Amino acid sequence: MLPHPTHATVRNRILSALPAEEFKRVADKLHRVELALGETLHRAGEPIEQVYFVESGFISALTVLSEGEPLEIGLIGLEGVAGVSVVLGATNSYSEAMCQTGGAAYRIATPALLEFVAHAPHLRDLLLRYTHVFHVQVAQTAACNAHHELSQRLARWLLAAHDRSGVPELSLTQDLIAVMLGVRRSTVSIAAGSLQKAGVIRYQHGKITILDRVGLENAACECYEAVASEYRALFGEHAFEPATAAAPLA
């Protein structure tokens, strides 16, 4: 466990957008933690005891079907929070929150967050706005999985992962991609191969490197832009970039 954040260095979009007074009060309750690849922060059906403001890397929200198969319903990066449903009154997690990369976050105990939110209007507003756009992401992901081709869905997911991680190279096995997109492993190589043939990615040795961001956007379905535009509308043009400390969100 590492020290509390400072307003000048915090990367999380929500924390960095807080007025100085609110940030100073909440900072004492926040503790920086390192997140390991594959680490589970919340399990479905279990109490949300800690909330995580992501600083780096990204987290998948997964729903687990009765057969035990997980399916990704959303991604959380430095623009957001894992466990944000507690501000709506939830006590148990509906989904699993699993780290898809190594990274870091600021952790706060749920009771401490709720006590603070009751007297912090700016933080409450930001968390509610983030809850809205995350629900938009979940709804659009469901529509995308039902109606769009796998290569388009893979392009959409890679763009979302790139937005949140900030790095063009992602360590992804075929098994992991299959879980994220809810498809058979055998079909993943076909979809990745088509994007590689188009020259927008390079896929080898369990790593996907984005070579042409614009080309990848063109290869994706409209679902990527639908979600990204919602984030921009509520959080400004640089929704997935670290905000300047204390700068207001659009």
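What percentage of all Cα-Cα pairs in the chain are separated by more than 33 Å?
Values: 5189 of 31125 pairs.
Of all Cα-Cα pairs in the chain, 17 percent lie more than 33 Å apart.
How many nm separate the modelled label positions at R232 and Q174, each set 7 Å beyond the Cα in the direction of the Cβ?
For the pair R232/Q174, the computed spacing is 3.6 nm.
Return the calculated 222 nm mean residue ellipticity for the chain, to the nearest 500 deg cm²/dmol, obtained by summing -39500 (n - 2.57) across DSSP H runs with n ≥ 4 and dividing by the residue count. Before the final figure, lay out each step's value.
Values: 9 runs with 105 residues, N = 250.
The helix contribution divided over the chain gives -13000 deg cm²/dmol.
Between D28 and H205, what is the spin-label point distance in nm, taking each point 7 Å from the Cα along the Cα→C-beta axis?
Distance between the two pseudo-spin positions: 5.0 nm.
Please list, ordered by chain and number, the residues whose modelled amide H lies under 5 Å from the amide H of A44; skip anything fewer than 5 residues away on the same chain.
Residues meeting the amide H criterion: E96.
Please report, ordered by residue number, every helix of the chain (full DSSP H runs) that is 27 Å or longer along its axis going by C-alpha atoms and whose mean Kyte-Doolittle hydropathy reaches -0.5.
Numbers: long enough: 121-147 (39 Å, 0.01).
In the chain, the long hydrophobic H runs are 121-147.
What residue among V183, V227, V86 shows peak mean-square fluctuation when the chain is described by a Gaussian network model with Cα springs under 10 Å?
Answer for the Gaussian network model of the chain: V183.
Suppose a student asked you for the relative contact order of the chain, using Cα pairs under 8 Å spaced at least 6 residues apart; what percent would you report? Mind dumping the intermediate values first?
Values: 475 pairs, mean separation 61.6, N = 250.
Averaging sequence separation for qualifying contacts and normalising by length gives 25 percent for the chain.
Give me the aspartates and glutamates in straight-line cross-link reach of K29: C-alpha distance below 12 Å, same-chain residues under 8 apart excluded.
Here the aspartates and glutamates satisfying the reach criterion relative to K29 are E115.
Given Cβ point charges of +1 (Lys, Arg) and -1 (Asp, Glu) and nothing else, what value in debye, to the nearest 20, does the dipole of the chain about its Cα centre take? Don't jump to the answer; show the numbers that get you there.
Working: 20 positive and 26 negative charges, 57 e Å.
Using Cβ point charges on Lys, Arg, Asp and Glu, the chain gives about 280 debye.
Bear in mind these aren't lab numbers, they're just calculated from the coordinates by the rules spelled out. All of these numbers come straight from a predicted model, not from anything done at the bench. When we count neighbours, we look across all protein chains shown, and the Cβ atoms used for this are built from the backbone with ideal geometry, even at glycine.
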